[in-house]
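The values are calculated or read from the model by the stated rules, or taken from the named source; none is laboratory data. Since this is a predicted model, take the numbers as computed values, not measurements. Every residue, glycine among them, receives a Cβ derived from its backbone with ideal geometry; neighbour counts consider all protein chains shown.
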Amino acid sequence: MATAVQEKLPPALDSTADQPPLFDGTTRLYISDICPFAQRVWITRNYKGLQDKIKLVPLNLRDRPTWYKEKVYPQNKDPAKKDFAEEMVKYTDTFIMFIFTSFKGDTIKEAGPAFDHLENSLHKFDDGPFFLGGFSLVDIANIPFVERFQLFFLDVWKYDIREGRPKLAAWIEEMNKMDAYKQTKYDPDELLEYYRRRFLFLLS
């Protein structure tokens with residue numbers, strides 16, 4: 001019977017180590033190889049055959065990197081981010097209804113505050129381009145609708161929802177770099193045709 005080859009880990013990062021780049025396209029799994037909870041995630045990664053897509057970054061927990069608590073295990077920020085995440089996921093339905101309702105009136109004027117809310121929300125945390133700094137369920141909840149509204153507003157009203165909203169523009173740009181999202185995008189011409197058929201009667 002063949003024996004599985006144990007994965008060779010790079011040296012564990014300690015207090016002298018620099019933080020790896022956050023947004024260079026690499027997905028990293030920070031682990032302590034002695035930790036059983038980290039091992040669970042490690043097993044899942046291996047079982048799904050993601051060894052080439054998820055890079056392991058061992059940490060020396062007895063001599064942790066100085067950036068560990070802030071960037072990897074932010075205990076002090078977790079409750080704030082958790083509460084904000086719940087608030088933003090709940091807001092998604094309000095956002096969608098707000099935009100659809102605006103189609104019946106002065107669309108640009110009435111829809112503007114909803115896009116401004118996204119812009120302001122993206123200013124909440126400054127440790128990354130996403131709603132919670134790092135990629136999260138909040139981004140997943142919002143991007144399918146922002147994708148469609150961006151296309152429709154530009155097509156019908158020649159209105160770019162990114163204009164004057166630098167955080168929203170940066171967020172859309174970062175989302176469009178993510179394979180997990182790009183693989184799900186629908187043909188933009190077909191999306192526009194669907195939205196025209198469904199909503200243009202409201203605008204006549």
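Here is how the numbers come out for the structure above:
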item: Those residues of region 23-34 which are closer than 23 Å to PHE135 by Cβ and part of a loop (DSSP other than H, G, I, E, B), in sequence order; result: PHE23, ASP24, GLY25, THR26, SER32
item: In region 122-136, the residues that are within 15 Å of PRO166 (Cβ to Cβ) and of a type in the set (A, V, I, L, M); result: LEU122
item: Cβ-Cβ under 8 Å pairs, at least 6 apart or on other chains, region 17-38 side at pLDDT 85 or above, far side charged (D, E, K, R) and in a loop (DSSP other than H, G, I, E, B); result: THR27/LYS53
item: Exclusive hit being of a type in the set (Gly, Ala, Ser) and either on the phi > 0 side of the Ramachandran plot or touching a Leu at 6+ places or on another chain (Cβ under 8 Å) (or both), set GLY105, GLY128, GLY112; result: GLY128
item: Matching residues in region 46-56 - criterion: being more than 17 Å from PRO10 (Cα to Cα) and in a helix (DSSP H, G or I); result: TYR47
item: First in region 172-196 and without any contact (Cβ under 8 Å) to a residue 12 or more places away in the chain, second anywhere and polar (S, T, N, Q), Cβ under 7 Å, 6 or more apart; result: LYS182/ASN176
item: Only listed residue being aromatic (Phe, Trp, Tyr), modelled with pLDDT under 90 and closer than 17 Å to ALA85 by Cα, chosen from PHE135, PHE199, PHE125, PHE131; result: PHE135
